[in-house]
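Reading through the structure tokens given below for one structure.
The values are calculated or read from the model by the stated rules, or taken from the named source; none is laboratory data. This structure is a prediction, so every number in the text was calculated from the model and none was measured. Note that each Cβ is placed from the backbone with ideal geometry, even for glycine, and that neighbours are counted across all protein chains shown. Surface areas here come from the heavy atoms of the whole protein model, side chains and all, with no ligands, DNA or RNA. Shrake-Rupley method; radii C 1.70, N 1.55, O 1.52, S 1.80 Å.
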Amino acid sequence: MDMLNHENLQRIYHHACSTYPEECCGFIFADGTVHHGINIQSELHHRQPDIHTRTGANGYTFSVADTLAMNRSFRSSNPVAVIYHSHPDVGAYFSHEDASKALFMGEPAYPVAYLVVDIRKGHAKAAKLFQWNGRCFACVQEIHTNEKDSTAQIRN
Ligand SMILES: [Zn+2]
């Protein structure tokens, strides 16, 4: 099963467009099911701005329900295989913040790959898949959207 098939990418791009200018986050299960997560980063920021300096515009934190579902999946026959989030207007790179979130004591916290979606002015331009190579998270796949796909509308 190609988890990053056209249909799944469209679902993820739509999600990313709908949360723009904030980051979206979610995951793809091993069977290909896309789960749209809830980014509570702005909520955390408003509650404790000194601790949570980032807002949803430049950070993501999964809701408690999402985190529970993901952790539960790792003990099931259908584990989360890909965690995705979007980068509004900054490009699809694996940031320092992304790496620290993905690591626990220098090792990958979860047995997953990471998809970062490049959103520009509300349109999905590209996506990059990053995987742990034993030393760092390296880009292993780059997906460019075609003109038609990139015009996924912002849904209000
Ligand atoms: Zn990021």
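Checking Ala109, Ala81 one by one, the residue that is among the aliphatic types (A, V, I, L, M) and free of Cβ contacts under 8 Å to residues at least 24 places away in the same chain is Ala109 and no other. Pairs are defined by a Cβ separation below 7 Å, a sequence spacing of at least 6 or placement on different chains, a first member in the range 25-44 that is closer than 9 Å to Thr61 by Cα, and a second member that is part of a helix (DSSP H, G or I); the pairs so defined are Ile38/Asp66; Asn39/Thr19. Take the conditions (1) loosely packed, with under 13 Cβ neighbours inside 10 Å; (2) of a type in the set (D, E, K, R); (3) within 10 Å of the ligand (Cβ to nearest atom); Lys101 misses just one of them, which is (1). Inside the range 28-64, can you point out the residues that are touching a helix residue (DSSP H, G or I) at 6+ places or on another chain (Cβ under 6 Å) and among the hydroxyl-bearing types (Ser, Thr, Tyr)? Result: Thr55, Tyr60, Thr61. If the condition is being in contact (Cβ under 8 Å) with a residue 12 or more places away in the chain and in a loop (DSSP other than H, G, I, E, B), then the range 89-106 contributes Asp89, Val90, Gly91, Ala92, Tyr93, Phe94. Screening Gly134 with (1) more than 16 Å from the ligand (Cβ to nearest atom); (2) assigned to a helix (DSSP H, G or I); (3) open to solvent by less than 70 Å² (accessible area, probe 1.4 Å) gives one miss only, at (2). For Ala30, indicate whether it is under 16 Å from Ala113 (Cα atoms), open to solvent by 40 Å² or more (accessible area, probe 1.4 Å) and among the small types (Gly, Ala, Ser). Judged against the criteria, Ala30 is a match. The set of residues from the range 77-94 being near the ligand (Cβ under 9 Å from one of its atoms) and closer than 14 Å to Ala16 by Cα comprises His85, Ser86, His87, Val90, Ala92. Residues that are away from the ligand (no atom under 11 Å from the Cβ) and either among the small types (Gly, Ala, Ser) or without any contact (Cβ under 8 Å) to a residue 24 or more places away in the chain (or both) within the range 48-60 comprise Gln48, Pro49, Asp50, Ile51, His52, Thr53, Gly56, Ala57, listed in sequence order.
Residues checked against (1) of a type in the set (D, E, K, R); (2) open to solvent by 50 Å² or more (accessible area, probe 1.4 Å):
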{"site": "Val90", "(1), (2)": "no, yes"}
{"site": "Phe94", "(1), (2)": "no, no"}
{"site": "Ala113", "(1), (2)": "no, no"}
{"site": "Lys128", "(1), (2)": "yes, yes"}
{"site": "Cys139", "(1), (2)": "no, yes"}
{"site": "Glu142", "(1), (2)": "yes, yes"}
{"site": "Asn146", "(1), (2)": "no, yes"}
